[in-house]
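K.L.:
I'd like to ask some things about the structure below.
The values are calculated or read from the model by the stated rules, or taken from the named source; none is laboratory data. Keep in mind that what you see is a predicted model, and the values were worked out from it rather than measured. Heads up, the Cβs are rebuilt from the backbone with ideal geometry, glycines too, and the neighbour counts pull from every protein chain shown. Each accessible area value is taken on the protein alone, full model and side chains, heavy atoms only, with ligands, DNA and RNA left out. Shrake-Rupley method; radii C 1.70, N 1.55, O 1.52, S 1.80 Å.
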Amino acid sequence: MIVQAKNNRQIFLRRLKIDDIDRLFQYLQNLSDETRKRFGPHHFDRQSIIDFYINVDEHLGYVALDIDTSELIAYSIIRIGYLEHDRFRLQSYGLSLDNKTDCTFAPSVADAWQSCGVGDHLFRFICTELKGYGIQRVILWGGVQCDNEKAVNFYYKNGFRTLGHFEYHGQNMDMILENL
Ligand SMILES: CC(C)(COP(=O)(O)OP(=O)(O)OC[C@H]1O[C@@H](n2cnc3c(N)ncnc32)[C@H](O)[C@@H]1OP(=O)(O)O)[C@@H](O)C(=O)NCCC(=O)NCCS
């Protein structure tokens, strides 16, 4: 799917493919320390990326590419179901978790492309796909750091609500999008 970013550049949205690994590795290497420390699902070395996608149905990668340069400019991860690691904390908010209709989400956008509407576009694209898979709720991957203003605003704008707070290297929030 092709959309236009706020900087008037055309971008292409699609699922991550196995032959994107080099491009994805380059993308992750180029992220600033500030962005890297916000994005936690996997390590940034090549082998960790390969291992992360080894079971094809467990993790779904989504990417945005700059049409002019073919450069990867955004990368988001969906895991079908919830993170076992977060189960007790999520249940403590009274959630009944469901591995068939819940999913877990982690977004990232290249530093130079942040605040250009790319995160919004890619998330809307992902939501359309998720509905087709019967997913009804989106839960944040390990929550969001409360001082991550861009991300917190991004989630509220896209319909997420706060479930609760927890401490892990500072204050964090669990958030959920219901009625996808
Ligand atoms: C969070 C992130 C995915 C948002 O994607 P993005 O492409 O930058 O966001 P968009 O341009 O699509 O903006 C969507 C909304 O996010 C919020 N937002 C974006 N940039 C912002 C900024 N500089 N300051 C405050 N809020 C901002 C706004 O609510 C914005 O809506 P608006 O444009 O109508 O005001 C992206 O900034 C990012 O990768 N950040 C670093 C990694 C990260 O924090 N990941 C999340 C970990 S929990």
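K.L.:
Using the heavy atoms of the protein chains and a 1.4 angstrom probe, tell me the accessible area per residue for the chain in square angstrom.
P.N.:
Details: 9360 Å² over 180 residues.
Value for the chain: 52 Å² per residue.
K.L.:
Within the chain, count lysine pairs with alpha carbon atoms under 20 angstrom apart where the residues are 8 or more positions apart or belong to different chains. Walk me through the intermediate numbers first.
P.N.:
Details: K6/K150; K6/K157; K37/K150; K100/K131; K131/K157.
Eligible lysine pairs with Cα atoms under 20 Å apart amount to 5.
K.L.:
Report the Rg/Rh value for the chain, based on alpha-carbon coordinates and the Kirkwood definition of Rh.
P.N.:
Details: Rg = 15.6 Å, Rh = 16.7 Å.
Here Rg/Rh amounts to 0.94.
K.L.:
Taking the Cα centre of each part, how many Å lie between segment 31-61 and segment 72-97?
P.N.:
15
K.L.:
From Cα coordinates alone, what are the radius of gyration and Dmax values for segment 1-103 in angstrom?
P.N.:
Spelled out, the Cα radius of gyration and Dmax of segment 1-103 are 15.8, 47 Å.
K.L.:
Work out the length of the dipole vector of the chain about its Cα centre, built from +1 on the beta-carbon of each Lys and Arg and -1 on the beta-carbon of each Asp and Glu, and round it to the nearest 20 debye. Please report the intermediate quantities before stating the final value.
P.N.:
Details: 20 positive and 24 negative charges, 93 e Å.
Roughly 440 debye, rounded to the nearest 20.
K.L.:
Going by average Cβ neighbours within 10 Å, how do the peptides 58-64, 14-20, 109-115 rank, with the highest at the top? Can you show the working numbers first?
P.N.:
Working: 58-64: 19.3, 14-20: 13.4, 109-115: 17.3.
By packing density, highest mean first, the sequence is 58-64, 109-115, 14-20.
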